[in-house]
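I have placed the structure first, in the form of structure tokens, so that the comments after it can refer back to it.
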Amino acid sequence: MAHKYVYMFSEGNADMRELLGGKGANLAEMTHIGLPVPQGFTISTEACTRYYEDGRKINDEIMAEIWENVAKMERINGKKFGDKQSPLLVSVRSGARASMPGMMDTILNLGLNDDVVEAMLKGNPDPKFKRFVYDSYRRFIQMFSDVVMEVGKKYFEQLIDKMKEEKGVKFDIDLTADDLKELAYQFKAEYKKQLGTDFPSDPKVQLYEAIRAVFRSWDNPRANVYRRDNDIPYSWGTAVNVMPMVFGNLNDNSGTGVAFTRDPATGEKKLMGEFLFNAQGEDVVAGVRTPMPIAQMADKFPEAYKQFVEVCKTLEARYRDMQDMEFTVENGKLYMLQCRNGKRTAQAALQIACDLVDEGMRTEQEAVLMIDPRNLDTLLHPQFDAKALKAAKPLGRGLGASPGAACGQVVFTAEDAEAWKKAGKKVVLVRLETSPEDITGMKAAQGILTVRGGMTSHAAVVARGMGTCCVSGCGDIIMDEENKKFSLGGKTFHEGDVISIDGTTGNIYGEAIATVDAQISGNFGRIMGWADKYRKLKVRTNADTPRDAKKARELGAEGIGLCRTEHMFFEADRIAAFREMICSDTVEEREAALEKILPYQQSDFEKLYEALEGYPVCIRFLDPPLHEFVPNTEDEIALLAKTQHKSVESIKNLIASLHEFNPMMGHRGCRLAVTYPEIAKMQTRAVIRAAINVKMAHPTWTIEPEIMIPLTCEAKELKFVKDIVVETADAEIAAAGSDMKYEVGTMIEIPRAALTADEIAKEAEFFCFGTNDLTQMTFGFSRDDAGKFLGSYYDTKIFESDPFARLDQVGVGKLMKMAVKLGHETRPDIHCGICGEHGGDPSSVEFCHQIGLDYVSCSPFRVPIARLAAAQAAIKESK
């Protein structure tokens, strides 16, 4: 039997979503339960896949099946394509299995031509009907030309505007039947002028081209961006739905509307929506005319409204979720054209999930699965006012690296950001790229915008940790840091000019847009309580300061999975001592310099232990290469030379000697401790002394320091550094008369470490996957430079997502899985976590659950996302 590619609505149901797409499956389900749906058919997602496999052609086998189903549709509806007595007109719509509103294409009124128009008018002398026919015809020509043949919309809009001007009217609805007839002929002439061929009059040719256009739209730029942002695989394809037209623009006894069974903004249980009489669906969406609230439909069409209210109840009970519906009334009769689980704000999602549990429609587990973890970001960060945002036009787009909204005056240096903030001004820090020394300016800014860098660049990682809005890697910016100005989208911005940036979408606006503060309701706590009840993975945070740690604890973190000690060195009083250590010529000089840093480190760690109140704290020893700590400016170099009693030239020579061609794979991580063991000794003393002091102050707290050695690639290397740590720690514990326990583990961030994890586990008491570096080294990409070429990889479908934002489960994931297995074989009680940025990405969290990690660790504001994603992974597995 031949493979089936086309299904009548009566042949499907809601469970066939993968094959029929969301729209097709829901039309089939509405048909199945007896709702008034115009009867048509769905061309499956498999046909779309075949279209691309066959070189963007619809093969003869599929076309033959389509024509068979056209014949069935004609028989059911008693109308025929191109027939002069009873012509059949259809709509052709896309419908992927995941909702992608507005991303793909739709064609209405297909089947019209001069002969059909003439035949339709013959039997009906009503001037209003004549207007309806020509209105439908000109809409079809415009839509077919734009969507199917890619003739720009603007040509037709210019003709409409010219006609309205000539006739002295303001709205399309004020044009007469003869005006619209004239427009239809003008449109066809424009089509021929643009393409050099006549507008196709054969309905079968129209249908074939329209189906191709919908398949083609699966690969249009806006659909590709939407899929990447929403984790929708390219391989899914889209279905195509062909259904008979019903006409909301037939007369004043007709209309069209869109409605929700609950408020999509707040979640309140009430029917919401808009209705336009004598209109087609696109008029409601396009905002050409101002629609009336759905409740007023009761006055205009009492019977249809009464039936529609019942349909709403039926659908919500059926799907057990808020429904978004499109419908048309033709001559007083209701037709349902679409239903789907409605898009909603995060606030509404929480409200609806809680209400559905209270109403007995959903279990707690089902309610947890209903929330998209990524949407929680909008509850935790300031957002742009929705109305103000709608009116604004972005000048450019970078990567939405840290969510939230920011508006402020442009500054170009960290120092200026601090100074302007002290003067009471709100600023956006704009940099080519940020470095660790910019940290104070980043804290002072409302938002951060960088020209270079990806989702795991310094700016992105630090901004997420602070909960500050950040847009990174906007390569379209032409930067002139020296003269404190940049250009974007044809506009030049100087220091002090106002911009707005959206850290969720990556959009950049050349104007002030009002922001609204984050709001967390009681429903948030309730959903999180359910999530914690069902998840197995622990959730920790990446935090370097007591402020970050406290924020993470408020958001439910169960410990620190990564404290980056190097961030503590950049404050003015510490950086001087650290630079002194770098400039030292002997071990004794280095130890003396490090002794100055020890009290600061110890104090920092004490504050972290206090903030965590007995929850685990994992402290990563020094990781970055030393060149990141040396001075950059002539003044700073001169000051360092003076304090070190050395010449400026010798300091410059030292700085030059620290330069590396590939610093991310250079003298950093545990390699520093191998070369300079005194650094590891100082950090161990600080960790252990801090832990002992806090334990003495809080005897009931469980304080067992976790010391993490970064960038290990060889078991002997880890043993060398671990021996130093253990000898130092044991001496400190003995001197204090304490019985404190501690653990020494390592980060797995080099492929060789994953491959030899069984050997490394002989020394390591825990593994933590540093997936930023592990991704970088597995792919051989520089995470700060990959943004320059990844766009081409998305366009050519080599990659579907940024491997630094969403864990590569095929390659990097295989190394992680292997390391966990090998580690447990050597040391059954080894505990494993992840502390790369992937720890806050929902799909990556699910993978971590599947391979048996004990915890994920992420930036503070992503903790709720990870908690929810971990619960969803556990619930899915149990099912």
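Taking the stretch 1-25, which residues are part of a helix (DSSP H, G or I), within 21 Å of Asn59 (Cα to Cα) and touching a strand residue (DSSP E or B) at 6+ places or on another chain (Cβ under 6 Å)?
The answer is Leu20, Gly21.
Only one of Lys128, Lys153 is over 27 Å from Leu207 (Cβ atoms), of a type outside the set (Phe, Trp, Tyr) and out of contact with any strand residue (DSSP E or B) (no Cβ under 7 Å at 6 or more places or on another chain); which?
Step by step, each of Lys128, Lys153 is checked, and only Lys128 is over 27 Å from Leu207 (Cβ atoms), of a type outside the set (Phe, Trp, Tyr) and out of contact with any strand residue (DSSP E or B) (no Cβ under 7 Å at 6 or more places or on another chain).
I want to confirm something. Restricting to the stretch 196-227 and keeping residues that are assigned to a helix (DSSP H, G or I) and open to solvent by 70 Å² or more (accessible area, probe 1.4 Å), which single residue is modelled with the lowest pLDDT? If you could, list the steps in order and put the result at the bottom.
Just the residues of the stretch 196-227 that are assigned to a helix (DSSP H, G or I), to begin with: 203-217, 221-227.
Checking the rest, the ones that are also open to solvent by 70 Å² or more (accessible area, probe 1.4 Å) come to 204, 221-222.
Numbers: Lys204: 94, Pro221: 81, Arg222: 78.
This residue is Arg222.
Taking the condition touching a residue at least 60 places away in the same chain (Cβ under 8 Å), among the polar types (S, T, N, Q) and either assigned to a strand (DSSP E or B) or open to solvent by less than 50 Å² (accessible area, probe 1.4 Å) (or both), does Ser91 pass? Reasoning before the result, please.
On the way: touching a residue at least 60 places away in the same chain (Cβ under 8 Å): yes; among the polar types (S, T, N, Q): yes; either assigned to a strand (DSSP E or B) or open to solvent by less than 50 Å² (accessible area, probe 1.4 Å) (or both): yes.
So Ser91 fits the description; yes.
Can you name the residue in the stretch 231-258 that is buried (at least 20 other Cβ atoms within 10 Å of the Cβ), of a type outside the set (A, V, I, L, M, F, W, C) and part of a loop (DSSP other than H, G, I, E, B) and, of all such residues, is farthest from the chain's Cα centre (by Cα)?
Checked the stretch 231-258; the qualifying residue farthest from the chain's Cα centre (by Cα) is Ser254.
Among (1) at pLDDT below 95; (2) open to solvent by 50 Å² or more (accessible area, probe 1.4 Å); (3) among the charged types (D, E, K, R), which single condition is Arg318 missing?
It is condition (1) that Arg318 fails.
Here is a list of conditions, (1) modelled with pLDDT of 95 or more; (2) under 25 Å from Arg216 (Cβ atoms); (3) open to solvent by less than 40 Å² (accessible area, probe 1.4 Å), and Leu35 meets all of them except one; can you say which number that is?
So the condition that Leu35 fails would be (2).
For the stretch 746-828, which helices (runs of 4 or more DSSP H) that fit wholly inside it have 1 or more residues that are more than 16 Å from Glu714 (Cα to Cα) and either open to solvent by 60 Å² or more (accessible area, probe 1.4 Å) or not charged (D, E, K, R) (or both)? Spell out how you get there, then give the answer.
On the way: elements: 751-755, 757-760, 771-779, 787-795, 812-826.
Output list reads 771-779, 787-795, 812-826.
Within the group Arg318, Arg362, Arg374, which residue is among the basic types (Lys, Arg), within 23 Å of Lys876 (Cα to Cα) and within 22 Å of the chain's Cα centre (by Cα)?
Matching residue, one of Arg318, Arg362, Arg374: Arg374.
Every residue, every condition in (1) within 26 Å of Ala873 (Cβ to Cβ); (2) open to solvent by 10 Å² or more (accessible area, probe 1.4 Å), yes or no:
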position	(1), (2)
Thr378	yes, yes
Asp385	no, yes
Ala391	no, yes
Leu429	no, no
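Here is a yes/no grid of residues against (1) at pLDDT 90 or above; (2) not in a loop (DSSP other than H, G, I, E, B):
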| site | (1), (2) |
| --- | --- |
| Asn109 | yes, yes |
| Leu112 | yes, no |
| Asp115 | yes, yes |
| Glu118 | yes, yes |
| Pro125 | no, no |
| Lys128 | no, yes |
| Val169 | no, no |
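Examine the stretch 472-485 for a residue that is within 16 Å of the chain's Cα centre (by Cα) and buried (at least 24 other Cβ atoms within 10 Å of the Cβ), and state whether such a residue exists.
Checking the stretch 472-485: at least one residue is within 16 Å of the chain's Cα centre (by Cα) and buried (at least 24 other Cβ atoms within 10 Å of the Cβ).
Would you call Thr434 within 25 Å of Arg564 (Cα to Cα), crowded, with 24+ Cβ neighbours inside 10 Å and more than 16 Å from the chain's Cα centre (by Cα)?
Criteria met by Thr434.
In the stretch 479-527, which residues are β-branched (Val, Ile, Thr) and either in contact with a helix residue (DSSP H, G or I) (Cβ under 6 Å, 6 or more places away or on another chain) or farther than 22 Å from Ser402 by Cα (or both)?
At the first step, the residues of the stretch 479-527 found to be β-branched (Val, Ile, Thr) are 492, 498-499, 501, 504-505, 508, 513, 515-516, 520, 527.
Thr492, Ile513, Ile520, Ile527 - these are the residues of the stretch 479-527 that are β-branched (Val, Ile, Thr) and either in contact with a helix residue (DSSP H, G or I) (Cβ under 6 Å, 6 or more places away or on another chain) or farther than 22 Å from Ser402 by Cα (or both).
Which condition number in (1) in contact (Cβ under 8 Å) with a residue 60 or more places away in the chain; (2) surrounded by fewer than 19 Cβ atoms within 10 Å (Cβ to Cβ); (3) in contact with a Lys or Arg (Cβ under 8 Å, 6 or more places away or on another chain); (4) not polar (S, T, N, Q) is the one that Ala401 fails?
The one condition Ala401 does not meet is (2).
Among the listed residues Arg564, Arg540, identify the single one that is under 25 Å from Ser844 (Cβ atoms) and without any contact (Cβ under 8 Å) to a residue 60 or more places away in the chain.
Arg564
When you look at Ala691, is it of a type outside the set (Ser, Thr, Tyr), open to solvent by less than 10 Å² (accessible area, probe 1.4 Å) and farther than 30 Å from Val451 by Cβ, yes or no?
Answer is yes for this residue.
Would you please list the contacts, defined by Cβ atoms under 9 Å and residues six or more apart or on different chains, that run from a residue in the stretch 56-83 that is open to solvent by less than 20 Å² (accessible area, probe 1.4 Å) and among the aromatic types (Phe, Trp, Tyr) to a residue that is assigned to a helix (DSSP H, G or I) and at pLDDT 95 or above?
Listed pairs, sorted by first residue: none to list.
Need pairs with beta-carbon distance below 9 Å; first residue free of Cβ contacts under 8 Å to residues at least 12 places away in the same chain and within the stretch 661-680, second among the hydroxyl-bearing types (Ser, Thr, Tyr); sequence gap 6+ or separate chains.
Asn662/Ser782
Any idea how many residues of the stretch 639-663 are open to solvent by 50 Å² or more (accessible area, probe 1.4 Å), more than 15 Å from Phe578 (Cβ to Cβ) and in a helix (DSSP H, G or I)?
7
Scan the stretch 64-80 and tell me whether some residue there is more than 26 Å from Asn220 (Cβ to Cβ) and in a loop (DSSP other than H, G, I, E, B).
Scanning the stretch 64-80, I find at least one residue that is more than 26 Å from Asn220 (Cβ to Cβ) and in a loop (DSSP other than H, G, I, E, B), so the answer is yes.
Does Thr515 satisfy the condition of being open to solvent by less than 50 Å² (accessible area, probe 1.4 Å) and among the hydroxyl-bearing types (Ser, Thr, Tyr)?
no
Yes/no matrix, rows are residues, columns are (1) under 19 Å from the mean Cα position of the chain (by Cα); (2) open to solvent by less than 10 Å² (accessible area, probe 1.4 Å):
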{"position": "Cys339", "(1), (2)": "no, yes"}
{"position": "His381", "(1), (2)": "yes, yes"}
{"position": "Cys407", "(1), (2)": "no, no"}
{"position": "Ala423", "(1), (2)": "no, no"}
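I'm checking my understanding of the structure. Among residues of the stretch 720-737 that are surrounded by fewer than 16 Cβ atoms within 10 Å (Cβ to Cβ) and acidic (Asp, Glu), which one is nearest to the chain's Cα centre (by Cα)?
By that ranking, first place goes to Asp723.
Going through Ala734, Ala690, Ala729 one at a time, which residue ends up being farther than 30 Å from Asp784 by Cβ and in contact (Cβ under 8 Å) with a residue 60 or more places away in the chain?
Result of the check over Ala734, Ala690, Ala729: Ala690.
Exactly one condition in (1) surrounded by 19 or more Cβ atoms within 10 Å (Cβ to Cβ); (2) farther than 30 Å from Ser603 by Cα; (3) in contact with a Cys (Cβ under 8 Å, 6 or more places away or on another chain); (4) of a type outside the set (Ser, Thr, Tyr) is not met by Asn507; state its number.
The failed condition is (3).
Only one of (1) part of a helix (DSSP H, G or I); (2) open to solvent by 60 Å² or more (accessible area, probe 1.4 Å) fails for Cys312. Which number is that?
Cys312 satisfies every listed condition except (2).
The values are calculated or read from the model by the stated rules, or taken from the named source; none is laboratory data. Source: prediction; values computed, not measured. Note that each Cβ is placed from the backbone with ideal geometry, even for glycine, and that neighbours are counted across all protein chains shown. The protein model used for the area step is the full one, side chains on, heavy atoms only, and it has no ligands, DNA or RNA in it. Shrake-Rupley method; radii C 1.70, N 1.55, O 1.52, S 1.80 Å.
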